[in-house]
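Encoded as structure tokens, the structure appears first; notes follow it.
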Amino acid sequence: MTDAIQGSPKPLRLDVGKIMDEVLEPSPMQKLRKRIFKNHSFLAGAAILIFIILVAVLAPIFQYMDLIHDPYDQDLAKRLQNPFWHTYLWGCKETFDLACWSLERIPEEQWGRAKYDPTHLLGTDKVGRDYLARLVFGAQVSLMIGFCCVLISGIIGTVLGVTAGYFGGRVDMVVNFLINTRLAMPVFLVAMAAVVAFGASIYVVILVLGLFLWDQFAVVMRSITMQARDLNYVEAARAMGCSTPYIIVREIFPNVLSSLTVVATVEMANAILLEAALSFLGFGVQAPTPSWGLMLNEAREYMFFSPWLLALPGACLFFLVLAINLFGDGLRDVTLDRER
Amino acid sequence: MLIYALKRTGVAFLILVVVSGLTFSLSHLSANPALTIAGEQASEADIQAVIKLYGFDRPIYVQYFDWLGRALSGDFGESYHYKAPVIEMISDRIGRTMLLGTLAILFALIISIPLGTLAAMRPNSLIDRFALLVAVFGQALPTFWFALMMMIVFGVWFRMLPVSGHTDWAHYVMPTIALGYYATPALMRLTRAGMIEVLASDYIRTARAKGLPPYIVLFKHALRNAIIPVVALAAVWFGFMLGGSIVIETIFNLKGIGWLSYDALLRSDLPVVQAIVLIFASFYVVLTLLADLLNAYLDPRISVK
């Protein structure tokens, strides 16, 4: 039996999948998957972004499980605790002197004490609130402001842009004038003035920024709609007697969608940075809400002795905006099928 | 061309009227200016007297056109808090803001043009990747945090630069870098894209074929053409930077009009805020108008369209 098999010629094995891969063009889905996995910056951006969103969403659960402290819990006995790395890096006198030799005039007992409590991993702020918890809940504020602003401004900008691009003529002229007027307004100054007028709260900030950041949406949507308007299938739909709203929603809008998401990421990053700057100057989210910009504002007076109070919220802000930008840039490269 | 220029100027003027009208109504809608002027402890009679004196009982559009008419002749009213003419308060400080803005845009151009050019000469090389990294990081770095970190490192640790004030050149170093780096990514990307396009054009091939030295081809033939849109964008960015100067001037205590607007908003000093909004908007409108007219002059097709 075995001899017979060994003696017979080897059966021809066909690797069907491999041959099909070589003969057939890859499907659009395969192409897309390949582009996504080749785009490292997109993957990195998406990974950081998903991590931050997960942390922000799961923050109340972490708190419930006692993994992090309550961000509002004050403990005046444990003010300005050092983060964990202080004990290791700046624990001994020599490295401490090296790191901030301008502070040598300060008496030794003020910095020599190891002010570190293992339950506060990233230390505490000026009223003894846990810094890690405040950073985690600060992510919620930033992300919420980013999402809500983009939602408001995206709707305004898309409606204006698509209408202008589709109808052209006078409508286009009016929308163009609106865009130029909006661009001429110094956003930051007017946002500050609006906060003064209507009172500082997270909702006023969301509303003001949402009503201001629609310009880029309108500009991009307008130019894409203008191109899509003259496409064959749009004209076919018009010839078939489809109503204008139907054509705009079913024929034009799918064209606009990928650019819409790209602009949305840019504007989201913009809104987050603006909110942080507003809160930093005291014209945004108010204490005791843990907003990264507000934390920077509160940390300013401790610049000399506890610079990490300034470094941490800013670093969080930097990584969030970096992740959103990388994600947006990658999304543009992945969805718009073109060579760089 | 003349008709186009007149039309554009008319639109620019209309934009200014709308922007100032919006700000005016915004600041008068909710805030109570009479209470601000009279003070928290003022009696009802005092407040009524202030309302009469400043004319707050008139309809808002009457107040607006009254204000606009006087603003056009350079009279922005009097500061509620300092009781000084707004125009004087602004003209005392605007020089510092203009100096800061100019230095910042020069800093951005000095970084972005060489980096963009080098990146365009060798696409996908190490230097191109480095330039991309600078652009991506620069876009994500919050201006005010960058400023604070510079203060800690160069002001507190190394004591190289002063952290606040505006008396000599050293005070402008950190604000310039903090404000200027923000414009760098956009300008660098435009330089790179423009240079890549120009370097692939026929006249560059001709110049090279003639046997001209590479640096002459690069500087005289390529860069000169690629730089025009960059300079136009830099002009627009200058307008944006005036807005960014609010945070930077406040952090470094550099008393220009950005700082003045922050101070005025803290005190609800409406005339000052309105005047500064109008000045910032005019800067943006005039700069874009000039850029548009320059483009129309260089490319006559635009004015016909």
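The values are calculated or read from the model by the stated rules, or taken from the named source; none is laboratory data. No experiment lies behind these values; they were computed from the predicted model shown. Neighbour counts run over all protein chains shown; Cβ positions are idealised from the backbone, glycine included.
Scanning segment B:154-163 for residues that are more than 7 Å from every other protein chain (Cβ to nearest Cβ) and either surrounded by 14 or more Cβ atoms within 10 Å (Cβ to Cβ) or within 20 Å of A:Val266 (Cβ to Cβ) (or both) turns up B:Phe154, B:Gly155, B:Leu161, B:Pro162, B:Val163. Within segment A:19-42, restricting attention to residues that are of a type outside the set (Ser, Thr, Tyr) and surrounded by 15 or more Cβ atoms within 10 Å (Cβ to Cβ), the residue that is farthest from A:Phe327 (Cα to Cα) is A:Arg35. Scan segment A:164-191 for residues that are among the hydroxyl-bearing types (Ser, Thr, Tyr) and under 28 Å from the mean Cα position of the chain (by Cα) and jot them down. The one that is among the hydroxyl-bearing types (Ser, Thr, Tyr) and under 28 Å from the mean Cα position of the chain (by Cα): A:Thr181. Residue pairs whose Cβ atoms lie under 7 Å apart, sitting 6 or more positions apart in sequence or on different chains, and linking a residue in segment B:269-281 that is within 7 Å of chain A (Cβ to nearest Cβ) to a partner that is hydroxyl-bearing (Ser, Thr, Tyr) and not in a helix (DSSP H, G or I), do not occur here. Within the set B:Ser268, B:Ser303, the sole residue that is within 24 Å of B:Phe24 (Cα to Cα), surrounded by fewer than 21 Cβ atoms within 10 Å (Cβ to Cβ), of a type in the set (S, T, N, Q) and at pLDDT below 85 turns out to be B:Ser268.
Under the condition of being more than 12 Å from every other protein chain (Cβ to nearest Cβ), crowded, with 22+ Cβ neighbours inside 10 Å, farther than 22 Å from B:Ala281 by Cβ and out of contact with any Gly (no Cβ under 8 Å at 6 or more places or on another chain), the residues counted in segment B:218-251 number 1. State which residue is nearest to A:Arg35 (Cα to Cα) when the search covers only segment A:299-338 and only residues that are of a type in the set (Gly, Ala, Ser) and in contact with a Ser or Thr (Cβ under 9 Å, 6 or more places away or on another chain). Of everything passing the filter in segment A:299-338, A:Gly330 is nearest to A:Arg35 (Cα to Cα).
To keep it simple, each residue is scored yes or no on (1) polar (S, T, N, Q); (2) under 30 Å from B:Ser79 (Cβ atoms).
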| residue | (1), (2) |
| --- | --- |
| B:Lys220 | no, no |
| B:Ala232 | no, no |
| B:Tyr262 | no, yes |
| B:Ile279 | no, yes |
| B:Ser282 | yes, yes |
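Each row is one residue, and each column tells you yes or no for (1) over 22 Å from A:Gly199 (Cβ atoms); (2) surrounded by fewer than 16 Cβ atoms within 10 Å (Cβ to Cβ); (3) out of contact with any strand residue (DSSP E or B) (no Cβ under 6 Å at 6 or more places or on another chain).
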position: B:Leu29; (1), (2), (3): no, yes, yes
position: B:Pro59; (1), (2), (3): yes, yes, yes
position: B:Tyr82; (1), (2), (3): yes, yes, yes
position: B:Val86; (1), (2), (3): yes, no, yes
position: B:Leu100; (1), (2), (3): yes, no, yes
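From the residues in segment B:38-71 that are hydrophobic (A, V, I, L, M, F, W, C) and in contact (Cβ under 8 Å) with a residue 40 or more places away in the chain, which one is nearest to B:Ala275 (Cα to Cα)? Selected residue: B:Ala71. Scanning segment A:137-154 for residues that are under 10 Å from the mean Cα position of the chain (by Cα) and over 15 Å from A:Leu317 (Cβ atoms) yields one hit, A:Phe147. Just one of B:Ala200, B:Ala226, B:Ala235 is touching a residue at least 12 places away in the same chain (Cβ under 8 Å), more than 30 Å from B:Met160 (Cα to Cα) and more than 18 Å from the chain's Cα centre (by Cα); which is it? Of B:Ala200, B:Ala226, B:Ala235, the one residue that is touching a residue at least 12 places away in the same chain (Cβ under 8 Å), more than 30 Å from B:Met160 (Cα to Cα) and more than 18 Å from the chain's Cα centre (by Cα) is B:Ala226. Of the residues making up segment B:133-153, those that are closer than 27 Å to A:Gly328 by Cα and more than 9 Å from chain A (Cβ to nearest Cβ) number 5.
For every residue, the table says whether it meets (1) within 17 Å of A:Ala264 (Cα to Cα); (2) modelled with pLDDT under 90.
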| residue | (1), (2) |
| --- | --- |
| A:Val174 | no, no |
| A:Leu178 | no, no |
| A:Val187 | no, yes |
| A:Leu209 | yes, no |
| A:Val220 | yes, no |
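The residues in segment B:66-96 that are under 18 Å from B:Ser282 (Cβ atoms) and part of a helix (DSSP H, G or I) can be counted, and the count is 14.
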